[in-house]
Amino acid sequence: MASDVQARVAAIRRNFFSLRKINCLASYIGSGQTVILQPIPPFRCVSMLQVQGVFKSYATAQGPLAVLRGADLQLDQGGSLALMGESGSGKSTLLHLVAGLDSVDKGSIEVAGQRLDQMNEAQLANWRRTEIGLVFQQFNLIGSLKVEDNLAFQARLAGRYQPEWQAELTERLGLGALLKRYPEQLSGGQQQRVAIGRALASRPALLLADEPTGNLDEATSDEVLQLLLDLLADSTTSLLMVTHSPRVAARLQRQAVLHLGRLVSEGGR
Ligand SMILES: Nc1ncnc2c1ncn2[C@@H]1O[C@H](COP(=O)(O)OP(=O)(O)O)[C@@H](O)[C@H]1O
Ligand SMILES: [Mg+2]
């Protein structure tokens, strides 16, 4: 096997990826070279999310509206995918389905090897509560709770509150001086940093972000996105992010566009 490939892989290992993620790189490097990237025990490349042939329609006064028509999507553990597409193309619909907030008409969604449609109510509730983190364009913080309690909210609900991790998140998101404030006393960028902290506090398997930078100016958007990507780089949490910004999308590992109810892969690195 060519030594320049080995050198390339070594450089990538050194510079870009934590050890946890390196094994998932094989699929991006291309066939023929993947032998270089045999899994390093105990780490493995794990498919986190597998969406296959998903159809979803809504009943409307004008009859059924077919939104998803055979959507396929795959995301590795620790991987990130930017989901783009015109307004109304079904991006939020897809996120809701993956979050287990709604069910597919046809097709399957598999998370960590288990099909969502075959989970019972308790398993589904557990999936939503413990393994999904949600971040929205409108921040959706709880107005009556201080920043510190907003941050801890989901982790407490999930029974996964860890003071040390909470303290680290607070520090890395630059929220230390804001803990006693209420959401209305924060800027948009600060609110979104709290929302990100809240979503990651339970260490979810999957972070779903629906246009998280849509309400932020460009500089703030860059800053918040960088904080998020830095946090994810040190974790096994996978990211599925809806964005209208090609600039934001390009920062994620892969990009896909939802068009006519299907996903068209745009590329990746
Ligand atoms: N609960 C619903 N009932 C009826 N139509 C819906 C519902 N939710 C979404 N839609 C419609 O489905 C289409 C896709 O919506 P959505 O997934 O929110 O798109 P996007 O997030 O890409 O803008 C839109 O035409 C929207 O009006
Ligand atoms: Mg939407």
Among (1) charged (D, E, K, R); (2) surrounded by fewer than 17 Cβ atoms within 10 Å (Cβ to Cβ); (3) at pLDDT below 95; (4) closer than 29 Å to Val248 by Cα, which single condition is Glu131 missing?
(2)
Odd one out for Gln226 among (1) out of contact with any helix residue (DSSP H, G or I) (no Cβ under 9 Å at 6 or more places or on another chain); (2) within 16 Å of ligand 1 (Cβ to nearest atom); (3) closer than 15 Å to Leu173 by Cβ
(2)
List the number of the failed condition for Trp165; all other conditions in (1) assigned to a loop (DSSP other than H, G, I, E, B); (2) surrounded by fewer than 17 Cβ atoms within 10 Å (Cβ to Cβ) hold.
(1)
Considering residues of the stretch 50-71 that are surrounded by 12 or more Cβ atoms within 10 Å (Cβ to Cβ) and of a type in the set (A, V, I, L, M) only, the residue farthest from Ala256 (Cα to Cα):
Leu65
Tell me, which residue of the stretch 58-80 that is more than 14 Å from ligand 1 (Cβ to nearest atom) and among the polar types (S, T, N, Q) is nearest to Arg251 (Cα to Cα)?
Ser80
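If you take the residues of the stretch 173-190 that are at negative phi and assigned to a loop (DSSP other than H, G, I, E, B), which of them is surrounded by the most Cβ atoms within 10 Å (Cβ to Cβ)? If you could, list the steps in order and put the result at the bottom.
Step one: filter the stretch 173-190 for residues at negative phi, giving 173, 175-190.
Subsequent filtering for residues that are assigned to a loop (DSSP other than H, G, I, E, B) retains 173, 175, 179-182, 186-187.
On the way: Leu173: 23, Leu175: 21, Leu179: 14, Lys180: 9, Arg181: 16, Tyr182: 16, Leu186: 19, Ser187: 11.
Result: Leu173.
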Could you grab me the full set of residues in the stretch 88-100 that are near ligand 1 (Cβ under 10 Å from one of its atoms), part of a loop (DSSP other than H, G, I, E, B) and in contact (Cβ under 8 Å) with a residue 12 or more places away in the chain?
Ser89, Gly90
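Restricting to the stretch 191-246, name every residue that is more than 16 Å from ligand 2 (Cβ to nearest atom), assigned to a loop (DSSP other than H, G, I, E, B) and not polar (S, T, N, Q). Break it down into steps so the answer makes sense when it comes.
Going residue by residue through the stretch 191-246, those that are more than 16 Å from ligand 2 (Cβ to nearest atom) are 191-207, 216-239, 246.
Still in the running and assigned to a loop (DSSP other than H, G, I, E, B): 201-205, 216-217, 234-237.
Residues satisfying the conditions are Ala201, Arg203, Pro204, Ala205, Leu216, Asp217, Asp234.
From the list Gly143, Gly133, pick out the single residue that is in the same structural domain as Ala195 (by TED's automatic domain parsing), more than 16 Å from ligand 2 (Cβ to nearest atom) and part of a strand (DSSP E or B). Before the answer, list the steps.
Numbers: Gly143 fails: part of a strand (DSSP E or B).
Only one candidate qualifies: Gly133.
The values are calculated or read from the model by the stated rules, or taken from the named source; none is laboratory data. Not measured: the values here are computed from a predicted model. Every residue, glycine among them, receives a Cβ derived from its backbone with ideal geometry; neighbour counts consider all protein chains shown.
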